[in-house]
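> Please find one structure pasted underneath; my questions will follow.
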């Protein structure tokens with residue numbers, strides 16, 4: 001694998017949640033790389049483990065119950081999982097920042113938005129309060145909020161505006177990597193487009209790498225350079241947007257595209273992938289997708305398929321992956 | 001904010017009037033005759049009837065109520081049946097004792113209770129948390145009068161470290177304050193802990209961590225401040241309970257405060273004393289609730305936005321919300 005140009009490299013990451021009743025296998029030995037300036041989309045159903053991956057990177061998994069059982073996360077060659085808390089704090093919000101799914105609850109209700117942005121700046125850059133406030137105002141303007149609203153509280157903003165504030169907060173220290181965890185899921189469609197457009201232009205301006213977590217394939221096709229398809233805590237297929245959209249190799253990916261309604265077709269019903277994701281407390285021995293897969297054979301339920309590269313940079317975790 | 005406070009102060013009047021009327025009504029229907037108590041068991045029915053007449057006890061309730069109001073407006077709370085001294089003067093000399101006992105106990109409860117609650121919450125599910133909560137449960141469950149007697153017995157009688165009763169030196173205050181506040185330390189600790197545990201699960205706490213803030217700042221600046229909002233409410237309500245508790249502690253420890261005065265009035269059917277004390281205590285309690293609401297508005301911007309700004313759009317919402325505290329008081 002090529003080493004240079006990789007901003008972030010995840011190897012063999014596995015996350016489990018231990019509760020009194022059961023162990024949930026949320027992330028199962030995944031590998032992933034994010035190149036500098038690249039936008040990578042993490043696509044998958046709810047509960048596939050996407051958020052756990054992002055939170056592992058930032059070291060903000062709720063521990064307990066979560067536990068990282070194996071793997072390493074290399075950021076510019078530094079192993080984040082072994083970094084002492086003090087060092088990790090310098091990376092959080094500074095080098096790697098995160099945007100959360102629900103802007104309604106992501107902001108502290110009793111502090112002004114200006115304070116919350118300036119707080120991040122003061123934490124990472126040794127600047128005066130006045131300077132931090134000035135930069136916070138700039139950030140607000142950058143995301144399209146008048147700086148006069150610096151002293152307003154979150155409840156005085158609409159959902160879309162709050163998400164802009166969250167984005168301003170995340171970008172306040174010019175992070176190299178932005179983890180966007182379903183940044184538009186909680187917003188309505190018109191606001192989604194606005195927020196995405198804004199993120200797009202900011203990304204180009206600030207040259208930030210982005211890991212975009214979503215279940216919206218449309219967003220991925222417009223926004224991302226490469227894609228990783230996550231299913232039941234595994235990455236079943238990864239490659240460039242062209243690889244995934246034009247030459248999908250995994251039956252699950254095919255199913256995802258198949259389930260999209262088409263404007264030019266006459267079918268009246270949606271075509272979902274039949275069945276449900278396996279119970280994360282009791283994962284199957286073989287391929288995770290086996291029960292729902294139209295092509296499943298005996299061997300699929302016996303042992304998990306290995307990841308095979310069907311084209312440079314395009315890897316599929318399936319026995320039926322077309323060989324090069 | 002000024003308008004809000006003025007409005008709330010105005011609201012005090014019907015509340016206190018209502019309480020005074022209910023007290024008068026209750027006194028009228030409870031058995032026991034002040035005239036009989038003053039004259040003793042040997043008194044002739046004629047003498048009792050004559051005294052009842054001079055005290056105005058046979059007048060209709062409304063007449064007595066109007067009479068009582070008329071006095072109060074002039075700052076006159078009547079004369080005690082038993083001591084023949086003006087109730088107002090008595091209350092003024094006794095007030096500082098009760099205020100001191102209640103406010104120091106409240107201070108101790110807050111100063112010890114909040115850190116204990118945070119400690120338990122930050123050590124959630126460890127033996128430290130369990131230990132703190134077990135001790136709290138113990139103190140919450142213990143009635144004040146029982147605990148006060150235990151303290152007297154142990155520190156006063158057995159060890160002879162502290163005075164048994166009466167107020168002479170500052171040492172005399174220690175046992176009453178400990179007895180009154182321990183239960184409330186525990187209440188505040190438990191409340192703070194459960195609010196903290198609730199708040200640290202909120203998304204904005206994850207956001208604060210993701211910003212790279214140190215754990216301490218996340219806990220104290222972001223979590224605790226939010227967790228304390230409901231605790232302020234509890235503290236306000238506690239004040240009422242504290243006054244109730246003070247009635248008992250003052251009797252047990254022989255503190256010449258309002259509580260002791262009220263109890264003496266109650267047992268002696270001394271109507272002016274009872275009416276006067278209840279009046280003062282209810283005004284005090286209502287003022288505390290008002291202070292709590294103002295503190296609420298200062299801490300929580302969402303409430304501040306609702307409590308009347310010169311914004312015509314918001315005023316409508318404000319009026320609806322301002323009716324809420326009324327219901328709480330009622």
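A short reminder: the numbers here are calculations on the coordinates, not readings from a lab. Remember, it's a predicted structure, so these values are computed and weren't measured experimentally. No Cβ is skipped: glycine too gets one built from the backbone with ideal geometry, and neighbour counts run over all protein chains shown.
> Going by a ≥ b ≥ c, the root eigenvalues of the Cα gyration tensor, does chain B fall in the rounded group (a/c under 1.5), the prolate group (a/b larger than b/c) or the oblate group?
Since a/c reaches 1.5 but b/c is at least a/b, the shape of chain B is classed as oblate.
> Computed FRET efficiency, Cβ-Cβ of residue A:83 and residue B:128, R0 25 Å: what is it to the nearest 0.05? Spell out each step's value before the answer.
Values: r = 28 Å, r/R0 = 1.11.
After rounding, the FRET efficiency stands at 0.35.
> In addition: Using a simple spin-label model with points 7 Å from Cα along the Cα→Cβ vector, what separation in nm is obtained for residue A:134 and residue A:306?
So the two model labels end up 5.9 nm from each other.
> Considering chain A as a Gaussian network with a 10 Å cut-off on Cα pairs, which listed residue, A:91, A:110, A:273, attains the greatest mean-square fluctuation?
Residue with maximal mean-square fluctuation among A:91, A:110, A:273: A:110.
> Applying 1/(1 + (r/R0)^6) with R0 = 41 Å to the Cβ-Cβ distance of residue B:174 and residue B:76, what FRET efficiency is obtained, to the nearest 0.05?
Numbers: r = 37 Å, r/R0 = 0.91.
Calculated transfer efficiency: 0.65.
> Another one. Other chains' Cβ within 10 Å of A:115-127 residues: what's the mean?
Whole-number average of other-chain Cβ neighbours for A:115-127 is 2.
> With each pseudo-label sitting 7 Å past Cα toward Cβ, what's the residue A:247-residue A:174 distance in nm, one decimal?
3.9 nm
> Whole number please: convex hull volume per residue, Cα atoms of region A:165-324, in Å³.
Details: hull volume 24.9 nm³, N = 160.
Output value, Cα hull per residue: 155 Å³.
> Then there's this: Report the full-extension gain for the segment residue B:165 to residue B:21: residue separation times 0.36 nm, less the Cα-Cα distance, to one decimal in nm.
Extending this stretch completely gives an extra 48.3 nm.
> Shape of region A:13-115 from its Cα gyration tensor (a ≥ b ≥ c, root eigenvalues): rounded if a/c is under 1.5, otherwise prolate when a/b > b/c, or oblate?
Since a/c stays below 1.5, the shape of region A:13-115 is classed as rounded.
> Shielding by partners for B:195-205, please: the mean number of other protein chain Cβ atoms within 10 Å of each residue's Cβ. Mind dumping the intermediate values first?
Working: counts 0, 0, 0, 0, 1, 1, 1, 4, 9, 11, 2.
Average neighbour count from other chains, rounded to a whole number: 3.
> Helix B:127-141: angle to the longest alpha-carbon principal axis of chain B, degrees 0 to 90, nearest 10?
Here the helix axis deviates by roughly 10 degrees.
> Counting pairs of alpha carbon atoms under 8 Å apart in space and at least six apart in sequence, what relative contact order in percent does chain A give?
Details: 593 pairs, mean separation 62.4, N = 324.
Relative contact order comes out at 19 percent.
> Still on this structure, please answer the following. How far, in degrees from 0 to 90, does helix A:113-124 lean away from the longest principal axis of the Cα atoms of chain A, to the nearest 10?
80 degrees
> For q values of 0.14, 0.17, 0.28, 0.33 Å⁻¹, compute log₁₀ I(q)/I(0) with the Debye formula on a Cα-only model of region A:184-226, without solvent.
-0.31, -0.45, -1.17, -1.35
> If Rh is defined by the Kirkwood formula over all Cα pairs and Rg also comes from Cα, what ratio Rg/Rh do you get for chain A?
With Rg and the Kirkwood Rh in hand, the quotient comes to 0.98.
> For region B:12-155, compute Rh as the Kirkwood radius over C-alpha pairs and then the Stokes-Einstein diffusion coefficient at 4 °C and 1.567 mPa s; write the answer in µm²/s, rounded to an integer.
So the translational diffusion coefficient is about 64 µm²/s.
> What is the percent of Cα-Cα separations in region B:94-218 that go past 20 Å? List each step's numbers first, then the result.
On the way: 4259 of 7750 pairs.
So the pairs more than 20 Å apart make up 55 percent of the total in region B:94-218.
> Sticking with this structure for a sec: Does region A:211-288 come out rounded, prolate or oblate, given a ≥ b ≥ c as the square roots of the eigenvalues of its C-alpha gyration tensor, rounded meaning a/c under 1.5 and, failing that, prolate meaning a/b above b/c?
It comes out oblate by the Cα gyration axes.
> I want to check the label-to-label distance for residue B:201 and residue B:13. Put each point 7 Å from Cα in the C-beta direction and report it in nm to one decimal.
4.7 nm
> Using alpha carbons only, how many degrees (0 to 90, rounded to 10) separate the axis of helix B:87-122 from the longest principal axis of chain B?
That helix lies at roughly 20 degrees to the long axis.
> Mean-square fluctuation check for chain A, GNM, Cα pairs under 10 Å: which of A:126, A:70, A:158 is largest?
A:126
> Related question: Would you work out the relative contact order for chain B, in percent, from Cα pairs under 8 angstrom that are 6 or more residues apart?
24 percent
> Among B:130, B:226, B:195, which one shows the biggest mean-square fluctuation in a GNM of chain B, springs joining Cα atoms closer than 10 Å?
Evaluated over chain B, the most mobile residue of the options is B:130.
> Based only on Cα atoms, what mean projected area does the convex hull of region A:60-195 have, in nm²?
Details: hull surface 37.3 nm².
If I average the Cα hull's projected area over directions, I get 9.3 nm².
> May I ask for the equivalent-ellipsoid semi-axes of the protein assembly as shown, computed as the square root of five times each C-alpha gyration tensor eigenvalue and listed largest first in whole Å?
Gyration-tensor ellipsoid for the protein assembly as shown: 68, 27, 23 Å.
> Report the FRET efficiency, 1/(1 + (r/R0)^6), for residue A:190 and residue B:49, where r is their Cβ-Cβ distance and R0 is 56 Å, rounded to 0.05.
Efficiency computed from Cβ-Cβ geometry: 0.10.
> Then there is this: Relative contact order, percent, of region A:1-120 when contacts are C-alpha pairs under 8 Å separated by at least 6 residues?
Numbers: 140 pairs, mean separation 31.5, N = 120.
Reported as a whole number, the value is 26 percent.
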